[in-house]
1. Take region 267-283 and flag every residue that is surrounded by 24 or more Cβ atoms within 10 Å (Cβ to Cβ) and touching a residue at least 40 places away in the same chain (Cβ under 8 Å).
2. What is the residue count in region 93-151 for residues that are of a type in the set (D, E, K, R), outside any loop (DSSP other than H, G, I, E, B) and surrounded by 14 or more Cβ atoms within 10 Å (Cβ to Cβ)?
3. Within the bounds of region 317-326, is there any residue that is in contact (Cβ under 8 Å) with a residue 12 or more places away in the chain and part of a loop (DSSP other than H, G, I, E, B)?
4. Starting from region 64-75, take each residue that is of a type in the set (A, V, I, L, M) and list its partners that are open to solvent by 50 Å² or more (accessible area, probe 1.4 Å), counting only C-beta distances under 9 angstrom and pairs at least six apart or across chains.
5. Take Glu349 and tell me if it is open to solvent by 20 Å² or more (accessible area, probe 1.4 Å), closer than 30 Å to Leu68 by Cα, touching a Phe, Trp or Tyr at 6+ places or on another chain (Cβ under 9 Å) and in a strand (DSSP E or B).
6. Could you count how many residues in region 189-206 are within 23 Å of Phe132 (Cα to Cα), open to solvent by less than 60 Å² (accessible area, probe 1.4 Å) and touching a Leu at 6+ places or on another chain (Cβ under 8 Å)?
7. Out of region 376-390, which residues are more than 15 Å from Met423 (Cβ to Cβ) and either free of Cβ contacts under 8 Å to residues at least 40 places away in the same chain or surrounded by 18 or more Cβ atoms within 10 Å (Cβ to Cβ) (or both)?
8. How many of the residues making up region 398-424 are assigned to a helix (DSSP H, G or I), in contact (Cβ under 8 Å) with a residue 12 or more places away in the chain and over 19 Å from Leu303 (Cβ atoms)?
Amino acid sequence: MTTSNPSSRVAGDPTVHDGRTFVVVGAGLAGARAVEAWHERGFTGKVVLIGDEAEPPYERPPLSKGYLNGTDDRDSVFVHPAEWYADHGVDLRMWTRVTAIDPVGHQVDLQDGRSIHYDKLLLTTGSRPRPFPGLPDALPNVHYLRRLTDSDTLKGVLATAGSVVVVGAGWIGLEVAAAARTAHRPVTVIESAELPLLRVLGREAARVFADLHSEHGVDLRLGVAIDQFVVEDGRAKAVRLADGTVVEGHEFVVGIGVVPNVELAAAAGLDVDDGVVVDASLRTSDPDIFAAGDVARAAHPLLGRSIRVEHWANADRQPAVAAAAMLGDEVRYDRLPYFFTDQYDLGMEYTGYVEPDGYDEVVFRGDVGRREFIAFWLRDGRVLAGMNVNVWDVTDAISALIRSGRPVDSARLADVDVPLDTMG
């Protein structure tokens, strides 16, 4: 069974209590989607959702997009209203930290000394920002963006800041840079690679984002290394580059990647390898423990490898499969990786998976100069991934091309007059 309909079977008679306890560690989007899936399936056992934040589960994309830009209000980021969880029989434990997992005793230990028994356990512990090496903690004008409170802080910063220096030209760094420029702040982006998103998109498509930010007045410092932050009187004053250049700023944002939160899993003896290792059903090396979202390194049936995807779609879609597997269904997660970004007037969706050296051709379809196009990454004539920029309602067609695994003609793929659904 695939992910096409993981809620096709009712878990049981709702008038009869199931008797089992399902515990979810990590109250973000993935955790919320799991408990939502059990409710939709009619599960009548006990559900406990544990999170270490003061807020109920929320979605992260708005934190660097609409909410940060001021186009979305704060309430819009939450997956459900706070009362939804109690109304649907979910024991939501906010501001609660799990200190250990006992797979033998089937329990999780809490910071306050209490323990909770589980029959099945789901880890949706997510990830955390990678700190800049050697930078002192808690500098008031150095910011990371991961939590809602981080976005709250940055919103205030962008409303009043002078110049903003962004370290790292990945998705978070570029989205913050776009928000800062939209707020009319001087922005410098420092990136060690020759182009923004070079590792993700390759040279051909990465140039699009370099040009986009340059046109909007961002000072891009590319292909440079940082020697150190200059700190005076408890605040960052500047960044010194390896060549001696000093880049001054009033506020600094560090976006150099994330680290999966695997410590609980590793201490419990689960297999860990840049994420919690799970099979296609999202089951860990312990048959009663599952993982989903950013923290899961999952065997992907279509791609033939294990991958860890740090984007919204995994956190949104994987948990329904994990929830079904925990109920005893034979399921597997085989959705293609998907992510999106909004920067200035550019909207983009990316479908598929390709490693930096895993393609031999990029085919553009449309007008790259006007930033209205689709880019396709191919290897041996087969489409591995597609990125639509300001072109909409094509992700299903792109997905079908990838899933078909059949070679395509590059000239026809580039021809906007040839319908995509005739290519596979």
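1. Passing the criteria: Val276, Leu282.
2. 5
3. No - not one qualifying residue is present in region 317-326.
4. Leu68/Lys155
5. yes
6. Qualifying residue count for the region: 7.
7. Arg379, Asp380, Met387, Val389
8. Total meeting the criteria: 5.
The values are calculated or read from the model by the stated rules, or taken from the named source; none is laboratory data. All of these numbers come straight from a predicted model, not from anything done at the bench. So basically every Cβ, Gly included, is an ideal-geometry build from the backbone, and we count neighbours across all protein chains shown. Heads up: the accessible areas ignore ligands, DNA and RNA and are worked out on the full protein's heavy atoms, side chains in. Shrake-Rupley method; radii C 1.70, N 1.55, O 1.52, S 1.80 Å.
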